[in-house]
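J.: Pasting a structure here, questions to come.
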């Protein structure tokens, strides 16, 4: 899901170009694909500390060995390897060295799970020799913010300096969070709007189902998804539930207007990141930014700018579902299964919209505000989020069964929802399970999480 090469250096002459860029993502149904991304925390198995970039057991060694052993191409900033690519997939670094797989656009969840399994097998084959492991959770359970390393990427240096100016938890978001998300297609503006509204209203349900970040600095933090809470105090200009999505006038143009009001971070020019943090993209389009006098924004700048907003659902040339904590292998498959089941089948999409279409602004916000702490047990109307999650999973299950994408054993994609169904039936989130272990067999220590829940 990369930027078309033809638009990379095209100057922006009109707002309509920005609208057309989003519309260019439209695809016929038979071309719809599933792109799954997940992040994970690295740790040294003897000390549990996150690995630094350099050193005999560092991230550089991991990336370069992955590339040489398994045929990944290396992208560098200067001499530093910062990303790998192979077969339309990529491996990238988050600010503190969290390793992210951005999967290739695939046709089924079966393929997604094979891709994830191959990736984890490759990473583990190298990490074990380095005395390194990887953990899937929403928030770093043990180490303080100041103990986290920083990766040598120009984009992150700019964000690191800007974040404390606009929120209290932005640096935690950068260094101590991990997520899993899925990127899905649409065939028209109307289809995009319908999917955006439905998935945005249901995003708190995903947050509740995947809640897995109950520890901060080695102790319970009072949340089930602390990762989700972190976004509430990161940067109000670029986060949130985007109420305008539910207005009658919503479409590509309205999203462009939103993005034009989001302050900039940077422009990437001639291999270097130029700090434009807090500045106005509209002035950049006109060539009126003092930091780059006379330089006008290109469509590559627009594509980059679209990645610097972080709402619960994000529009680029596809829709990104962003509400879930990172987790173990089976939940990395469950997240795309949930959203594909809801959004890629017409009957399921209709049923899902019927479930949420009468939610008020206040109810949507109450769900967003409440699930980080209470998850499935958050009261909602006369029931709780658990009942809402159960109904959502029923709809997704039927959607996946109607898709009828079968594996070699004849099973459809609904098998990947089983971990979520078990969570609802037990009425116990992954976070609650870890808290139970913390107060029981773990004897008040988070250290066992690195052993018992590592990939």
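Nothing in this text is a laboratory measurement; each read-out follows from the coordinates by a stated rule. Everything quoted here is computed from the prediction, not taken from an experiment. Ideal geometry is used to build each Cβ from the backbone, glycine not excepted, and the neighbour counts take in all protein chains shown.
J.: Taking the alpha-carbon centroid of each part, what is the distance from the stretch 136-176 to the stretch 419-455 in angstrom?
T.: The stretch 136-176 and the stretch 419-455 have Cα centres spaced 25 Å from each other.
J.: Working out 0.36 nm times the residue gap between residue 329 and residue 381, then minus their Cα-Cα distance, what length gain in nm do you get to one decimal? Working shown, then result.
T.: Values: separation 52, 0.36 × 52 = 18.72 nm, distance 3.35 nm.
Contour length minus the Cα-Cα distance gives 15.4 nm.
J.: Sort 83-90, 305-312, 267-274 by the packing proxy (mean of other Cβ within 10 Å over each peptide's residues), most packed first.
T.: 305-312, 83-90, 267-274
J.: Please identify which residues in the stretch 51-76 have an amide N closer than 15 Å to a label point set 7 Å out from the Cα of residue 268, following the Cα→Cβ vector.
T.: Label zone hits: 74-76.
J.: So, R0 is 45 Å and r is the distance between the beta-carbons of residue 117 and residue 145; what FRET efficiency does that work out to, to 0.05? Can you show the working numbers first?
T.: Details: r = 32 Å, r/R0 = 0.72.
The formula returns an efficiency of 0.90 here.
J.: Which order do 398, 383, 110, 38 fall in if you start with the one that has the fewest other Cβ atoms within 10 Å?
T.: So the ranking, lowest neighbour count to highest, is 383, 398, 110, 38.
J.: Another question about this same structure. 222 nm [θ] for the chain, helices only, -39500 (n - 2.57) per DSSP H run of 4+, per residue, to 500? Write out the running numbers ahead of the final one.
T.: Working: 17 runs with 188 residues, N = 455.
Computed mean residue ellipticity for the chain: -12500 deg cm²/dmol.
J.: Compute the normalised compactness of the chain: alpha-carbon radius of gyration over 2.2 N^0.38 Å, N being the residue count.
T.: Cα Rg divided by the expected 2.2 N^0.38 Å: 0.94.
J.: Let me ask something else. Looking at the chain, what % of its DSSP beta bridges pair antiparallel, to the nearest 5?
T.: Details: 46 of 49 bridges.
Here the share of antiparallel DSSP bridges comes out near 95 percent.
J.: Let me ask you something else. If you find the alpha carbon centre of the stretch 13-61 and of the stretch 248-271, how far apart are they in angstrom?
T.: Using only Cα atoms to place each centre, the spacing works out to 19 Å.
J.: At a Förster distance of 56 Å, what's the computed FRET efficiency of residue 49 paired with residue 248, Cβ-Cβ distance as r, to 0.05?
T.: 0.60
J.: Does the stretch 1-134 come out rounded, prolate or oblate by the C-alpha gyration tensor, with a ≥ b ≥ c the root eigenvalues, rounded set by a/c under 1.5 and, if not, prolate when a/b is larger than b/c and oblate if not?
T.: prolate
J.: Taking just the alpha-carbon atoms of the stretch 253-295, what radius of gyration and Dmax come out, in angstrom?
T.: That works out to 10.8, 32 Å for Rg and Dmax.
J.: To continue, here is another question. In vacuum, with every alpha carbon of the stretch 134-237 counted as one equal point scatterer, what does the Debye formula give for log10 I(q)/I(0) at q = 0.24 Å⁻¹? Two decimals, please.
T.: Normalising to I(0) and taking log10 leaves -1.28.
J.: According to a simple spin-label model (label point 7 Å from Cα along Cα-to-Cβ), what is the distance in nm between residue 17 and residue 31?
T.: The two pseudo-label positions are separated by 2.2 nm.
J.: Once the piece of chain linking residue 56 and residue 85 is laid out straight, how much longer is it, given 0.36 nm per residue of separation minus the C-alpha distance between them? Can you show the working numbers first?
T.: Details: separation 29, 0.36 × 29 = 10.44 nm, distance 2.31 nm.
Taking 0.36 nm per residue and subtracting the Cα distance, the gain is 8.1 nm.
J.: Got a sec? How would 385, 116 order by Cβ neighbour count within 10 Å, fewest to most?
T.: Taking fewest neighbouring Cβ atoms as first place, the list is 116, 385.
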